[in-house]
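Working notes, beginning with the structure itself.
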């Protein structure tokens, strides 16, 4: 199966808090797991990505945690800011070739002051 | 400045009409993709093309057609057979081993 399941559908976090979004995949052949951030009226933009040979990747306030045995990965946004309010998509694909990304259904994050 | 240009930003379709959405990239990417975005549905793949003059159907290709005559261009036609075309359409491109880059979309509505 090619599905990627993402939760929660929506998330409200206080400014300065931690936002956590979870994804689970089924295809064990997937070897590239990006997260995209999308603002209204715009296309998704790559935020951070991980390959299965590492369990965690951090870029600034954004961290991906990856659990290969559980086939799960998550995005953590530390010190969440109102400017982080957007829709976040997890995705997965085979990094070899140009195989299309399979996307989760998205999480709408609202960071309130 | 390299990127993906989608036009128009807004498009309206009349009953029984075919409309074509433009996607142009100057990133020299080999592969291009079309996705449809509906609220709460995520991004669903319509068509993709890995090289010029070749393309494959995605999960929801019915009612859509594409062509890939040039590396930099991948237009999508929404035909009259697509009964529910109202959506946000996103074009993306990718080079081998690198992440997909997206354009800023075309919003299609029914008149």
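For residue B:85, are the conditions met, namely being facing chain A (nearest Cβ under 10 Å), surrounded by 15 or more Cβ atoms within 10 Å (Cβ to Cβ) and in a loop (DSSP other than H, G, I, E, B)? Outline the logic, then answer.
Working: facing chain A (nearest Cβ under 10 Å): no; surrounded by 15 or more Cβ atoms within 10 Å (Cβ to Cβ): yes; in a loop (DSSP other than H, G, I, E, B): yes.
Against the criterion (facing chain A (nearest Cβ under 10 Å), surrounded by 15 or more Cβ atoms within 10 Å (Cβ to Cβ) and in a loop (DSSP other than H, G, I, E, B)), residue B:85 does not qualify.
The set of residues in segment B:64-82 that are within 14 Å of another protein chain (Cβ to nearest Cβ) and either modelled with pLDDT under 95 or surrounded by 21 or more Cβ atoms within 10 Å (Cβ to Cβ) (or both) comprises B:66, B:74. Scanning segment A:22-40 for residues that are at pLDDT 95 or above and over 22 Å from residue B:102 (Cα atoms) gives A:22, A:24, A:25.
Restricting attention to segment A:31-66, the residues that are crowded, with 18+ Cβ neighbours inside 10 Å and more than 19 Å from residue A:19 (Cβ to Cβ) total 2. Residues in segment B:56-63: is at least one surrounded by fewer than 21 Cβ atoms within 10 Å (Cβ to Cβ), more than 13 Å from chain A (Cβ to nearest Cβ) and either touching a helix residue (DSSP H, G or I) at 6+ places or on another chain (Cβ under 6 Å) or modelled with pLDDT of 95 or more (or both)? Taking every residue of segment B:56-63 in turn, at least one turns out to be surrounded by fewer than 21 Cβ atoms within 10 Å (Cβ to Cβ), more than 13 Å from chain A (Cβ to nearest Cβ) and either touching a helix residue (DSSP H, G or I) at 6+ places or on another chain (Cβ under 6 Å) or modelled with pLDDT of 95 or more (or both). Selection within segment A:41-63: residues that are assigned to a loop (DSSP other than H, G, I, E, B) and facing chain B (nearest Cβ under 10 Å). The member of this set that is modelled with the lowest pLDDT is A:41. The residue that is farthest from residue B:79 (Cα to Cα), among those in segment B:33-48 that are part of a strand (DSSP E or B) and within 9 Å of chain A (Cβ to nearest Cβ), is B:42.
Looking across segment B:30-42, the residues that are touching a residue at least 40 places away in the same chain (Cβ under 8 Å) and under 15 Å from residue B:108 (Cβ atoms) come down to B:34, B:35, B:36, B:37, B:38.
So that you can scan it fast, the table gives a plain yes or no per residue for (1) within 29 Å of residue A:109 (Cα to Cα); (2) free of Cβ contacts under 8 Å to residues at least 60 places away in the same chain; (3) within 10 Å of the chain's Cα centre (by Cα); (4) part of a strand (DSSP E or B):
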position: B:17; (1), (2), (3), (4): no, no, no, no
position: B:20; (1), (2), (3), (4): no, yes, yes, yes
position: B:80; (1), (2), (3), (4): no, no, no, no
position: B:99; (1), (2), (3), (4): yes, yes, no, no
position: B:107; (1), (2), (3), (4): yes, no, no, yes
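Within segment A:1-30, restricting attention to residues that are assigned to a loop (DSSP other than H, G, I, E, B) and within 11 Å of chain B (Cβ to nearest Cβ), the residue that is nearest to residue B:96 (Cα to Cα) is A:2.
The values are calculated or read from the model by the stated rules, or taken from the named source; none is laboratory data. Note that the structure is a prediction, hence the values are computed from the model and not measured. Neighbour counts are summed over all protein chains in view; Cβ atoms, including those assigned to glycine, are modelled from backbone coordinates with ideal geometry.
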